[in-house]
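S.K.: Below is one structure. I have some questions about it.
The values are calculated or read from the model by the stated rules, or taken from the named source; none is laboratory data. In this text the structure is predicted, and so the values were computed from the model without any measurement. Don't worry about glycine lacking a Cβ; one is built from the backbone with ideal geometry, like all the others, and counts go over all protein chains shown.
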Amino acid sequence: MSASEHVIVVGAGVVGLSVAIALQRAGRAVTVLDREGPAAGASAGNAGAFAFSDILPLASPGLLRRAPRWLLDPLGPLSVPPAYALRIAPWMWRFAKACAPERVAASARAQAALMDLSRAELEPFLAATGTLPMLRRDGNLQVYEGAGEFEASLPGWHAREEHGIEFRDLGAAEMAAIQPGIDARFTHGTFTPGWHSIADPKAYVLALAERFARDGGVIERAAVRALRPEQGAVGVEMDGGARRASQVVLAAGAFSHRIAATLGERIPLETERGYNTTLPEDALDLRTQVTFGGHGFVVSRLSTGIRVGGAVELGGLDRPPDFRRSDAMLAKAKAFLPALRTEGGDRWMGFRPSLPDSLPAIGFSRASRRVVHAFGHGHLGLTQSAGTARLVADLLLGRPTALDLAPFSPQRF
């Protein structure tokens, strides 16, 4: 196949495959390259949520106030391994700057716009790929330990309200009606009915891969090392060979910045190392996703079991997993949901690609308009996958983009 008619997507996670399908449906011949194959990274082990109400950036004044206390606990909601602290210092400085109130407000506006687009694109995308039966509409229950924690959350909910997000505040009895068995220390809650989920995130991404291949797409296991702009094409250098393509989409998750660097771009991507434990299906009568925001983790109901996971460990790509973090979350989940049975779980760690302002990088490379970046979604890759696919297709097909991409520019740093 000649480069003049061929698009290569680097990355076979949920964002990369969603982009590949959108381009395929527009008539492009597409090959997906991935170092490990479909659904091998963060797409396999996430909480399965389409968190359209999650418009507030991780970088915020509230988090900045809590961070010193959290960082003192090596197994807490936010941690940086001491050996990695110096290396991550420039990223943390950008993160701290992004916590300024005016920048938080700007990020929230941009995030809300991307969420609105992603919500609008989701069900048509699921229907077109035959995956709509996997969608669930169970909502999300955020719980708080006492009135003080609840009141501290109110500015965030007011910001969501301004963006038209539906929610309702609950007392203990109303919380119990939605999800029985929550420990009495949690006296307040907020329920978000528009929070959707997927029955099994790994099965979903594998289904996308199967549909893409069935419709003529090609998926190959290959580690992409570099991209080289050429006359009328892009060279893709891989272990053991090279390819040429008319256009390339870089959607390699937490590894994307290493490939972007071969184009001369320095994009401050870091790795939120997420941990979880998936318990058997009968571990708990779970009726909705429950978020313990003060402790940085969620408990989700999947078709494959009950998943307890979350937290943020900013530790890069090369350190081995510290599964004590999974164990610590599981112990807390047992205390907060006393009926939870914690035996027989499978532990997991994955890399979530994170930029300092919590917005993804979506846009053309500085080096070539034949390369589009689509990475850095943090813990919102599944949520924003359909919207990102629409935007990348708009860019590569020369259409007006569905929203203003300036806040998501890969060059904004």
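S.K.: Of the residues 44, 12, 20, only one is more than 14 Å from residue 374 (Cα to Cα) and either hydroxyl-bearing (Ser, Thr, Tyr) or not in a strand (DSSP E or B) (or both); which? Full working, then the answer.
M.R.: Details: 12 fails: more than 14 Å from residue 374 (Cα to Cα); 20 fails: more than 14 Å from residue 374 (Cα to Cα).
The conditions single out 44.
S.K.: When the residues of the stretch 364-412 are filtered to those that are of a type in the set (Ser, Thr, Tyr) and within 19 Å of residue 23 (Cβ to Cβ), which remaining residue is nearest to the chain's Cα centre (by Cα)?
M.R.: Out of the qualifying residues, it is 385.
S.K.: Residue 304: modelled with pLDDT of 95 or more and under 26 Å from residue 199 (Cα atoms), yes or no?
M.R.: no
S.K.: Among 63, 33, 75, which is the only one that is of a type outside the set (Val, Ile, Thr), on the phi < 0 side of the Ramachandran plot, in contact (Cβ under 8 Å) with a residue 60 or more places away in the chain and not in a loop (DSSP other than H, G, I, E, B)?
M.R.: Working: 63 fails: in contact (Cβ under 8 Å) with a residue 60 or more places away in the chain; 75 fails: not in a loop (DSSP other than H, G, I, E, B).
Only one candidate passes the filter, namely 33.
S.K.: Taking the stretch 171-190 as the search range and keeping residues that are over 15 Å from residue 299 (Cβ atoms) and in contact (Cβ under 8 Å) with a residue 12 or more places away in the chain, which one is surrounded by the most Cβ atoms within 10 Å (Cβ to Cβ)?
M.R.: My answer is 190.
S.K.: Look through 77, 61, 38 and report the one residue that is surrounded by 22 or more Cβ atoms within 10 Å (Cβ to Cβ) and closer than 26 Å to residue 111 by Cα.
M.R.: Details: 61 fails: surrounded by 22 or more Cβ atoms within 10 Å (Cβ to Cβ); 38 fails: closer than 26 Å to residue 111 by Cα.
After applying the criteria, what remains is 77.
S.K.: Within the stretch 214-235, track down each residue that is of a type in the set (Gly, Ala, Ser), within 26 Å of residue 40 (Cα to Cα) and either within 27 Å of the chain's Cα centre (by Cα) or outside any strand (DSSP E or B) (or both).
M.R.: 216, 217, 222, 223, 226
S.K.: Could you list, in sequence order, all residues of the stretch 334-388 that are of a type in the set (D, E, K, R), part of a loop (DSSP other than H, G, I, E, B) and either surrounded by fewer than 22 Cβ atoms within 10 Å (Cβ to Cβ) or in contact with a strand residue (DSSP E or B) (Cβ under 6 Å, 6 or more places away or on another chain) (or both)? Before you say what the answer is, go through the steps one by one.
M.R.: Going residue by residue through the stretch 334-388, those that are of a type in the set (D, E, K, R) are 334, 341, 343, 346-347, 352, 357, 366, 369-370.
Now drop any that are not part of a loop (DSSP other than H, G, I, E, B), which leaves 341, 343, 357, 366, 369-370.
Listed by number, the residues that qualify are 341, 343, 366, 369, 370.
S.K.: Next question, about the same structure. What is the residue count in the stretch 110-166 for residues that are outside any helix (DSSP H, G or I) and of a type in the set (Ser, Thr, Tyr)? So that I can check it myself, show each step before the final result.
M.R.: Taking the stretch 110-166 first, the residues outside any helix (DSSP H, G or I) are 130-131, 135-145, 163-166.
Restricting the remaining residues to those that are of a type in the set (Ser, Thr, Tyr) gives 131, 144.
Final tally of qualifying residues: 2.
S.K.: Oh, and also: Just checking, which of 245, 260, 222, 213 is touching a His at 6+ places or on another chain (Cβ under 8 Å) and closer than 22 Å to residue 5 by Cβ?
M.R.: Only one candidate passes the filter, namely 245.
S.K.: Here's another thing I want to ask about it. Within the stretch 281-321, count every residue that is among the β-branched types (Val, Ile, Thr) and touching a Pro at 6+ places or on another chain (Cβ under 7 Å).
M.R.: Selection size over the stretch 281-321: 1.
S.K.: Is there any pair linking a residue in the stretch 206-233 that is at positive phi to one that is surrounded by fewer than 20 Cβ atoms within 10 Å (Cβ to Cβ) and in a strand (DSSP E or B), with Cβ under 8 Å and at least six apart or on different chains, and which?
M.R.: As it stands, the answer is 216/29, since those pairs meet every condition given.
S.K.: Take residue 309 and tell me if it is more than 19 Å from residue 273 (Cβ to Cβ), among the small types (Gly, Ala, Ser) and modelled with pLDDT under 95.
M.R.: No; evaluated as a whole, the condition is false for this residue.
S.K.: Looking only at residues in the stretch 241-271 that are aliphatic (A, V, I, L, M), over 25 Å from residue 28 (Cβ atoms) and over 14 Å from the mean Cα position of the chain (by Cα), which one is surrounded by the most Cβ atoms within 10 Å (Cβ to Cβ)? It would help to see each step written out before you state the result.
M.R.: Keep residues of the stretch 241-271 that are aliphatic (A, V, I, L, M), which gives 242, 245, 248-252, 254, 259-261, 263, 267, 269.
Add one more test, that the residue is over 25 Å from residue 28 (Cβ atoms), and what stays is 254, 261, 267, 269.
Narrowing the set further to residues that are over 14 Å from the mean Cα position of the chain (by Cα) leaves 261, 267.
On the way: 261: 14, 267: 22.
Here the answer is 267.
S.K.: Within the stretch 98-117, can one find any residue that is in contact with a Lys or Arg (Cβ under 7 Å, 6 or more places away or on another chain), of a type in the set (Val, Ile, Thr), at pLDDT 90 or above and more than 20 Å from residue 129 (Cβ to Cβ)?
M.R.: No, the stretch 98-117 has no match at all.
S.K.: Determine whether residue 211 is at pLDDT 95 or above, among the charged types (D, E, K, R) and more than 26 Å from the chain's Cα centre (by Cα).
M.R.: Judged against the criteria, residue 211 is not a match.
S.K.: What tally of residues in the stretch 389-413 results from selecting those that are in a loop (DSSP other than H, G, I, E, B), surrounded by fewer than 23 Cβ atoms within 10 Å (Cβ to Cβ) and either modelled with pLDDT under 95 or in contact with a helix residue (DSSP H, G or I) (Cβ under 9 Å, 6 or more places away or on another chain) (or both)? Walk me through how you get there before you give the answer.
M.R.: Here is the first cut: in the stretch 389-413, the ones in a loop (DSSP other than H, G, I, E, B) are 398-405, 409-413.
Right, trim to surrounded by fewer than 23 Cβ atoms within 10 Å (Cβ to Cβ) and you get 398-405, 409, 411-413.
Checking the rest, the ones that are also either modelled with pLDDT under 95 or in contact with a helix residue (DSSP H, G or I) (Cβ under 9 Å, 6 or more places away or on another chain) (or both) come to 399-405, 412-413.
Count: 9.
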